[in-house]
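Trainee: Following this message is one structure expressed as structure tokens.
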Amino acid sequence: MKNKKNISINDFSSHIFWDVDKSMLDMECNNRFLIQRVLEYGVMNDWELLKQKYSIADIGYEAMQIKDLDEVSASFIATIADLPLEKFRCYTTKQLNKAHWIS
């Protein structure tokens with residue numbers, strides 16, 4: 001994953017890191033975590049920063065690997081990155097783990 005701009009973790013909204021110490025996060029090692037948090041909880045500025053830091057293709061690839069990405073975020077990045085939703089781990093995991101009350 002190639003960085004496009006020198007952006008730090010402190011540039012992102014603090015509310016997306018409510019449960020972690022963001023000083024312990026590395027933007028290269030924890031890129032998938034950051035992408036998931038921005039997709040699920042970020043505001044428009046966070047999305048713009050993410051696009052400046054990583055390419056849409058890189059964001060899409062990493063998002064495809066997240067098994068618990070919510071449906072709205074998965075659909076959004078699948079559309080933006082022109083990727084089939086069926087290739088996302090969260091989609092295939094959901095298909096395998098249906099709730100017991102759904103027949």
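Trainee: Along the charge dipole of the stretch 42-98, Cβ charges K/R +1 and D/E -1, which of VAL43, LEU85, ILE59 sits furthest on the positive end?
Mentor: Value: LEU85.
Trainee: Right, next: Residues with beta-carbon under 13 Å from that of LEU83, excluding LEU83: net charge, scoring Lys, Arg +1 and Asp, Glu -1?
Mentor: It works out to a net charge of -2.
Trainee: With springs only between Cα atoms under 10 Å apart, run a GNM on the chain and tell me which of SER73, SER23, SER55 wobbles the most.
Mentor: Sorting by GNM fluctuation, first place goes to SER23.
Trainee: Still on this structure: Grab the DSSP H runs of the chain that are 4 residues or longer, score each as -39,500 (n - 2.57), total them, divide by all residues and round the 222 nm result to the nearest 500 deg cm²/dmol.
Mentor: -13500 deg cm²/dmol
Trainee: Among MET24, MET64, MET44, whose mean-square fluctuation peaks in a Gaussian network model of the chain (Cα, cutoff 10 Å)?
Mentor: For the chain, modelled as a Gaussian network with Cα springs under 10 Å, the answer is MET24.
Trainee: Shifting gears a bit: Explain nothing, just the number: dipole magnitude of the chain about its Cα centre with +1 on each Lys and Arg Cβ and -1 on each Asp and Glu Cβ, in debye rounded to the nearest 20.
Mentor: For this selection, approximately 240 debye.
Trainee: Starting with the fewest neighbours, write out ASP19, ASP68 ranked by other beta-carbon atoms found within 10 Å of each beta-carbon.
Mentor: So the ranking, lowest neighbour count to highest, is ASP19, ASP68.
Trainee: If you compute mean projected area of the Cα convex hull in nm² for the structure shown, which of [x] 8.4; [y] 6.6; [z] 7.2 do you land on?
Mentor: Answer label, from the structure shown: [z].
A short reminder: the numbers here are calculations on the coordinates, not readings from a lab. Given the structure is predicted, the values throughout are model-derived calculations rather than measurements. Cβ: placed from backbone, ideal geometry, glycine included. Neighbour counts: every protein chain shown.
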